Amino acid sequence: MTELTLRHTPADRLPEAEREAILADPGFGKRFTDHMVSIVWTHDRGWHDAELVPYGPIPIDPASSVLHYGQEIFEGLKAYRHPNGEVVTFRPEENARRLNASARRLALPELPEELFVRAIDELVRLDAAWVPGGAEQSLYLRPFMIADESFLGVRAAERARFLVIASPAGPYFTGGVKPVSIWLSQELARAGHGGTGAAKCGGNYAASLLPTRVAQEHGCAQVLFTDSNTADTIDELGGMNLFLVRSDGTLITPELNGNILAGITRDSLIRLAADRGLATEERAVTVTEWREGAADGTITEAFACGTAAVITPISRLLGEDGTLVDFGDRAPGALTVSLRDELTGIQFGTVPDRHGWVHRVSDAA
Ligand SMILES: *Cc1c(COP(=O)(O)O)cnc(C)c1O
């Protein structure tokens, strides 16, 4: 078993008063905790030099392969403080499995799932003072892996590094959950058949930035991508999966077609809906179906989901042809809101964890 060595001193910690000032209003992804995880992999030795080290810049050779060919993958999950002070994460073993699925696609080494979970546990325990306790506040964890062999030849790198950094996060929606308008991108795609759409890799995000800028120019918060062949079959948003809700309470979501990311929030919501006796149709979904269903009243709600915002209600879909869907003041819909309340309740420890999703990191205070 790879041992995780601690290489830190108390002097590496930010003074308590400064930390508390950050935690009072953390925003998202701006400030980082005192430590990080670093584990090195080489083709010859496998995973080694697993360390918890002070947070800070990492040395990187200008010829490092990640800088040239984008061989990089990442994950995103959160640590939550429960009312009794205990700190937990949510389904971290799913993130471990998905990291390895991404690793296979990007020709990076797989990391033992047990080591992934333990690395996160130890970082969160060490920096537990950084897990905020305010409403909908959490510690966002960003595990990632980069190829860092210094070599310009084009092949899978023989040296990689896995890191975990952590950043306190405030509520995604300040002042209550607000529905957003989203932009339908039919020209620009994030992924295509046989590409890396199902992997959580930086390259997919790079491809989504220009369409996101276009979306913002049209007053939209997010982009909805369609299948690059049909420009009608819905894939997902830049970093969130999409659900539609039918008037009979059935959920509809694009099937995992190889182009979209298998969201853990998506999976959790399908199970919570099933607990309520609500079916989810996982199949091809088109913009046309959404548009016609919203117009004739058979599709009543739409939302996007992912770890960062959990559920984001969607009020409008806009595209080059103008407004395609407008739920008006019917958004956010009732099911959208109650599923969000239930899932966040499980994560924050105010709703019973029937599925054993909560992973205990540290004991009650
Ligand atoms: C991370 C991600 C999601 C959401 O996944 P969760 O596990 O629910 O956070 C959805 N789509 C893309 C493209 C993603 O990168």
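The values are calculated or read from the model by the stated rules, or taken from the named source; none is laboratory data. These numbers were taken from a predicted model, which means no experiment stands behind them. Counting neighbours? That spans all protein chains shown, and the Cβs are built from the backbone with ideal geometry, glycine included. For the accessible areas, the whole protein counts, side chains as well, though only heavy atoms, and no ligand, DNA or RNA atoms are used. Shrake-Rupley method; radii C 1.70, N 1.55, O 1.52, S 1.80 Å.
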Next item on the list: Test each condition in (1) surrounded by fewer than 19 Cβ atoms within 10 Å (Cβ to Cβ); (2) within 24 Å of residue 267 (Cα to Cα) for residue 84 and report the one that comes out false.
Entry: (2)
Notebook entry, point to check: Which of the following residues is away from the ligand (no atom under 14 Å from the Cβ), buried (at least 21 other Cβ atoms within 10 Å of the Cβ) and over 16 Å from the mean Cα position of the chain (by Cα): 152, 188, 251?
Noted result: 251
Margin query: For region 262-280, give me the residue count where each residue is within 9 Å of the ligand (Cβ to nearest atom) and open to solvent by 30 Å² or more (accessible area, probe 1.4 Å).
Written below: 2
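So which strands (runs of 3 or more DSSP E) stay within region 27-79 end to end and still have 3 or more residues that are modelled with pLDDT of 95 or more and within 16 Å of the ligand (Cβ to nearest atom)? Give the steps one after another, and end with the answer.
Values: elements: 35-42, 46-54, 72-74.
Once the strands (runs of 3 or more DSSP E) in region 27-79 are filtered for at least 3 residues that are modelled with pLDDT of 95 or more and within 16 Å of the ligand (Cβ to nearest atom), what remains is 72-74.
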Next item on the list: Filter region 104-117 down to residues that are surrounded by fewer than 18 Cβ atoms within 10 Å (Cβ to Cβ) and not in a loop (DSSP other than H, G, I, E, B), then give me how many there are.
Entry: 5
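Can you tell which of 331, 309, 304, 284 is of a type in the set (Gly, Ala, Ser), over 25 Å from residue 192 (Cα atoms) and touching a strand residue (DSSP E or B) at 6+ places or on another chain (Cβ under 7 Å)?
On the way: 309 fails: touching a strand residue (DSSP E or B) at 6+ places or on another chain (Cβ under 7 Å); 304 fails: over 25 Å from residue 192 (Cα atoms); 284 fails: over 25 Å from residue 192 (Cα atoms).
Going through 331, 309, 304, 284 in turn, the sole match is 331.
Consider region 288-315. How many of its residues are more than 24 Å from residue 343 (Cα to Cα) and open to solvent by 10 Å² or more (accessible area, probe 1.4 Å)?
Taking region 288-315 as the starting set, the residues that turn out to be more than 24 Å from residue 343 (Cα to Cα) are 288-298.
Filter once more, so that each one left must be open to solvent by 10 Å² or more (accessible area, probe 1.4 Å): 288-289, 291-292, 294-298.
The number of residues fulfilling the criteria is 9.
Do the conditions hold for residue 210, that is, is it within 16 Å of the ligand (Cβ to nearest atom), open to solvent by less than 10 Å² (accessible area, probe 1.4 Å) and either more than 30 Å from residue 40 (Cβ to Cβ) or among the aromatic types (Phe, Trp, Tyr) (or both)? Lay out the reasoning, then the answer.
Values: within 16 Å of the ligand (Cβ to nearest atom): yes; open to solvent by less than 10 Å² (accessible area, probe 1.4 Å): no; either more than 30 Å from residue 40 (Cβ to Cβ) or among the aromatic types (Phe, Trp, Tyr) (or both): yes.
Against the criterion (within 16 Å of the ligand (Cβ to nearest atom), open to solvent by less than 10 Å² (accessible area, probe 1.4 Å) and either more than 30 Å from residue 40 (Cβ to Cβ) or among the aromatic types (Phe, Trp, Tyr) (or both)), residue 210 does not qualify.
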